[in-house]
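Okay, so here's the structure we're looking at.
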Amino acid sequence: MCETCGCGDPRMVPVDVQDRILSVNDRQAAHNREHFAAHGVLAINLMGSPGSGKTAVLEATARAFAGRFRVAAIAGDLETERDADRLRAAGIPAHAITTGSACHLDAEMVHRALHHDSLHDATLLFVENVGNLVCPAVYDLGQAFNVVALSVTEGEDKPLKYPVMFRKADLVLVTKTDLLPYLDVRIAELEHALARVMPRLAVFQVSARSGSGMERWFAWLEGQVAALGPPAPAQAPHPHSHR
Amino acid sequence: MHEYSLMLALMERVEEEAASRHAVAVHRVRVRIGELSGVEPSLLESAFSIVRERTICEKAVIEITRVPAQWECSRCQTSLKAGDLLQCAACGAPARLVRGDEILLEQLELEVP
């Protein structure tokens, strides 16, 4: 019976749902997460504006870890394989997801990409999201950590303007710090802005070009890989194989 | 602009619910959107007006409740004010978001035969 307007029409039925609108994506993300755990993969969702230096950070990371542990990447962009090409040139398997006009990756796109042979056996899997400080923050991909690249050229107030993205960040990489001498941006102000949107402040200043600060990032990654522990068997029988 | 893909997910959920109850029409869709959810209610409304055409929601209205962000200390539960550092002034522990990140389908009003 209609309780909304009080008209008492018996054909009108209110139904309580109380369900996350993205529950389908959440389930897919949980599936991806279980998968990463079962195969001992550390999955990192790397987000940031277009041009914030995500690919450059990954190129440097790929080179630094060459021969130490297996790194692979999924690179999301609206068009082209350019980022995946750059990452392959840096020595790691990379698969491009071209989204057409979609502004973010979702858990299903990542899941489909996981079926590509080139990504098997990775210990450290980077998902380089579509360059965008808004939409990618809304979709869980099954990652262990969200890392956000924020270049010094973007200005110190970006965290306050895009609080949703930075609230979701487990770590912020302030990139392109080699450009600081040419800019008016103040790092202390930037960190102050981050502390207003990010409850557990974690910020590394890096320059992929000069290498400055990159050791700290590599050490953080190594620490997270070490903390992974042995692969956990998948909870439920699995209708498909990823290996 | 991800509100359109969010709306497609919402419509799928609504149609599923309506079908399971043999509804002939959906009259109202109530959703809750948190201030820090990354979803813009006005864009969600325009996506709804496009997506509902020729569906069971054709005549439905969407009601969006916007939920303000509310932070408190994760240790001593002291409330934080908007714009504060997200670290408790009293005990130094990181803040915890109590509400304000929800993207929720709350309620439907269905017409059943």
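The values are calculated or read from the model by the stated rules, or taken from the named source; none is laboratory data. Remember, predicted model here, so these are calculated numbers, not experimental data. Cβ coordinates were reconstructed from backbone atoms using ideal geometry, including for glycine residues, and neighbour counts include every protein chain displayed. Accessible surface areas use protein heavy atoms only, side chains included; no ligands, DNA or RNA. Shrake-Rupley method; radii C 1.70, N 1.55, O 1.52, S 1.80 Å.
Within 9 Å, Cβ to Cβ, of B:Pro94, how many net charges do the neighbouring residues add up to if Lys/Arg are +1 and Asp/Glu are -1? My count for the surroundings of B:Pro94 gives +3. For the protein assembly as shown, the number of Lys pairs separated by eight or more positions or lying on different chains, with C-alpha atoms closer than 30 Å, is 11. Entry note, chain A: relative contact order of 23 percent, from Cα contacts under 8 Å with a spacing of 6+ residues.
Given R0 = 22 Å, the distance between the Cβ atoms of A:Asp157 and B:Ala93 translates into a calculated FRET efficiency of 0.25.
The angle between the Cα long axis of helix A:23-38 and the longest principal axis of the Cα atoms of chain A comes to about 50 degrees, rounded to the nearest 10.
For B:Trp71, the residues 5 or more places off, or on other chains, whose built amide H falls under 5 Å of its own are B:Leu80, B:Val98. To the nearest 10 degrees, how steep is helix B:3-20 against the longest Cα principal axis of chain B, on a 0 to 90 scale? Its long axis makes an angle of about 60 degrees. Helices in chain A, meaning DSSP H runs of at least 4 residues, each add -39500 (n - 2.57). Divided by all residues, the mean residue ellipticity at 222 nm is -9000 deg cm²/dmol.
Carbon and sulfur atoms: what percent of the 1.4 Å accessible area of chain B do they account for? Roughly 48 percent, rounded to a whole number. Scoring B:63-72, A:58-67 by mean Cβ neighbours within 10 Å over their residues and listing the highest first yields A:58-67, B:63-72. For a label point 7 angstrom out from the Cα of A:Arg11 toward its Cβ, which stretches of segment B:60-81 have the backbone nitrogen within less than 18 Å? Answer for segment B:60-81: B:60-61. Measuring with a 1.4 angstrom probe and ignoring ligands and nucleic acids, B:Thr55 comes out at about 40 Å² accessible. Across peptide B:12-23, the average count of Cβ atoms from other chains found within 10 Å of a residue's Cβ is 2. Take each residue in B:1-10, count the other chain C-beta atoms within 10 Å of its C-beta, and the mean is 5. Among the residues of B:103-111, the average count of other protein chain beta-carbon atoms within 10 Å of the residue beta-carbon is 6. Take A:His31: with every protein chain present and a 1.4 Å probe, its accessible area is about 40 Å².
Does chain A come out rounded, prolate or oblate, given a ≥ b ≥ c as the square roots of the eigenvalues of its C-alpha gyration tensor, rounded meaning a/c under 1.5 and, failing that, prolate meaning a/b above b/c? Judged from the Cα gyration tensor, chain A comes out oblate (a/c at least 1.5, b/c at or above a/b). So if R0 is 41 Å, what FRET efficiency would A:Ala89 and A:Leu180 give, r being the distance between their Cβ atoms, rounded to the nearest 0.05? The calculated FRET efficiency here is 0.90.
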